[in-house]
1. Classify segment 11-63 as rounded, prolate or oblate from the Cα gyration tensor: take a ≥ b ≥ c as the square roots of its eigenvalues, call it rounded if a/c is under 1.5, otherwise prolate when a/b beats b/c and oblate if not.
2. What percent antiparallel are the DSSP beta bridges of segment 4-150, to the nearest 5?
3. In deg cm²/dmol and to the nearest 500, what is the mean residue ellipticity at 222 nm of the chain if only DSSP H runs of at least 4 residues count, each as -39500 (n - 2.57), divided by the residue total?
4. Given the peptides 88-96, 43-51, 66-74, arrange them by the average over their residues of other C-beta atoms within 10 Å, most packed first.
5. Taking the Cα centre of each part, how many Å lie between segment 1-44 and segment 65-89?
6. Is the shape of the chain rounded, prolate or oblate, going by the alpha carbon gyration tensor and its root eigenvalues a ≥ b ≥ c, with a/c under 1.5 for rounded and a/b larger than b/c for prolate?
């Protein structure tokens, strides 16, 4: 199976505002998820976020320090591991998609800040590279209503 690569350009919301809702959608589909970032400090911030983003809810998750990865619906990492058998992988803060081009994921979701020129340039470069490799690509942009609209 070849994964689909979906690029989500954040224009109005921050990653902290958008990521929990996207993870919730993946879990509603019955998928397990991995969230990959590049720095341990950012991993710790996402860990906190998923426990506290909503006063009435939280997203149960784990990371390397928690143990029992196979029991976790959502796994947080700075590496390329997938110990919970996730079907979807969220790549944030510039995490690279290329290593997963031939993986068994259903979908790889790259979230990037469209207001940050370096993040935008990095996303464009990943798009070009994946397209040259024949990957299935989709580009999603935020709507004024707070949803997402497929652009390409």
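1. On the way: a/c = 1.32, a/b = 1.17, b/c = 1.13.
In terms of gyration-tensor shape, rounded.
2. Numbers: 4 of 30 bridges.
If we restrict to bridges inside segment 4-150, about 15 percent are antiparallel.
3. Working: 3 runs with 43 residues, N = 152.
Theoretical 222 nm ellipticity from helices: -9000 deg cm²/dmol.
4. Values: 88-96: 21.7, 43-51: 16.4, 66-74: 14.6.
Packing order, densest peptide first, comes out as 88-96, 43-51, 66-74.
5. Measuring centre to centre over Cα atoms gives 13 Å.
6. Values: a/c = 1.55, a/b = 1.20, b/c = 1.29.
Verdict is oblate for the chain.
Where a number appears in this text, it was derived from the coordinates with a stated rule and is not lab data. These numbers were taken from a predicted model, which means no experiment stands behind them. We place every Cβ from the backbone using ideal geometry, glycine too, and count neighbours over all the protein chains shown.
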